[in-house]
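The values are calculated or read from the model by the stated rules, or taken from the named source; none is laboratory data. These figures come from a predicted structure and were not determined experimentally. Cβ atoms come from the backbone with ideal geometry, glycine included; neighbour counts cover every protein chain shown. Keep in mind that these areas ignore ligands, DNA and RNA; they rest on the heavy atoms of the full protein, side chains included. Shrake-Rupley method; radii C 1.70, N 1.55, O 1.52, S 1.80 Å.
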Amino acid sequence: MTPWLIAAPAAAVGLAGVTAYGAVHPRSQLFGHTVFQTSQPRKLAITFDDGPNPAITPKLLDLLDRHGAKATFFLVGKYVRESPALAKEITARGHLVGNHTTTHPNLFFCGPEETRTELLRCSEAIHAATWEEPRWFRPPFGFRSPWLGGIVQRHRMRTVMWTLIPGDWRPKPADWLVGRMKPIATHAESIATKRNSPPTSASGDVLCLHDGDYARPNADRSRTLAALEFWLPGWRDLGLEFVTISQAAGKVVEG
Ligand SMILES: [Zn+2]
């Protein structure tokens, strides 16, 4: 066997690995510029995917109001068409809405035409309900494709990923989710203790949570509410500001 024949399978595995990394790793820039963190360590961008969800989103809006927190909601077009008044309520309360496709497919397996249609139909639904033009896009499951970046850009949007995705869709108790969200406080504490020394991190977190479920309407996300209820006062005490992606975007760090 020649060395080439031995090396070929390893190279194929390596290439597949790079593609998988580029498709799903939140910090990957392989498939176009991606925003994954905020411009300042004290700015925390809380984001919610897969809504609007009539079972949870109204309670979530009340919770955010109680803590003076603004957030970003990446909406699914089919749910916006079912609950346009709720989508409008999100923007009326001062939050930002973004595009999360219209049917929530894995875009890694969608061709350019299907990808374009998914983005367009979602933006149309959001515009019809809220009169807002989404400027931010989050890919379902975090999966991107080689043509996605160009299509997002042509729709005058920017792709947003995250620094922390605690997995609030898993059927685990709220305590588990509270623990999974601890890195936000740990990051804020490390900044507070180093206030008088040169900053080790010039960026803040983008937290990815879910107020809906792309597969089931009216999904129960009460554990997400409970975990936020636990953390919001603590984060505020640590000096964090709760901002939308646009508010964090004065000089959003593009990795
Ligand atoms: Zn999603």
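Out of everything in the range 232-241 that is of a type outside the set (A, V, I, L, M) and assigned to a helix (DSSP H, G or I), what residue ends up being nearest to Pro26 (Cα to Cα)?
My answer is Trp235.
Taking Ala128, is it touching a helix residue (DSSP H, G or I) at 6+ places or on another chain (Cβ under 8 Å), open to solvent by 60 Å² or more (accessible area, probe 1.4 Å) and among the aliphatic types (A, V, I, L, M)?
So Ala128 fits the description; yes.
Please count how many residues of the range 56-94 are open to solvent by 10 Å² or more (accessible area, probe 1.4 Å) and more than 14 Å from the ligand (Cβ to nearest atom).
Residues in the range 56-94 being open to solvent by 10 Å² or more (accessible area, probe 1.4 Å) and more than 14 Å from the ligand (Cβ to nearest atom): 20 in total.
Would you please name the residue that is nearest to Pro166 (Cα to Cα), looking only at residues in the range 199-231 that are within 12 Å of the ligand (Cβ to nearest atom) and either in a helix (DSSP H, G or I) or open to solvent by 50 Å² or more (accessible area, probe 1.4 Å) (or both)?
Tyr214
Counting only residues that are open to solvent by 20 Å² or more (accessible area, probe 1.4 Å) and among the polar types (S, T, N, Q), which one in the range 132-167 is farthest from the ligand (Cβ to nearest atom)?
Checked the range 132-167; the qualifying residue farthest from the ligand (Cβ to nearest atom) is Gln153.
Within the bounds of the range 92-104, is there any residue that is among the charged types (D, E, K, R), modelled with pLDDT of 95 or more and part of a helix (DSSP H, G or I)?
There is no residue in the range 92-104 that is among the charged types (D, E, K, R), modelled with pLDDT of 95 or more and part of a helix (DSSP H, G or I).
Among the residues of the range 72-91, what is the count of those that are assigned to a helix (DSSP H, G or I) and not acidic (Asp, Glu)?
Counting residues in the range 72-91 that are assigned to a helix (DSSP H, G or I) and not acidic (Asp, Glu) gives 12.
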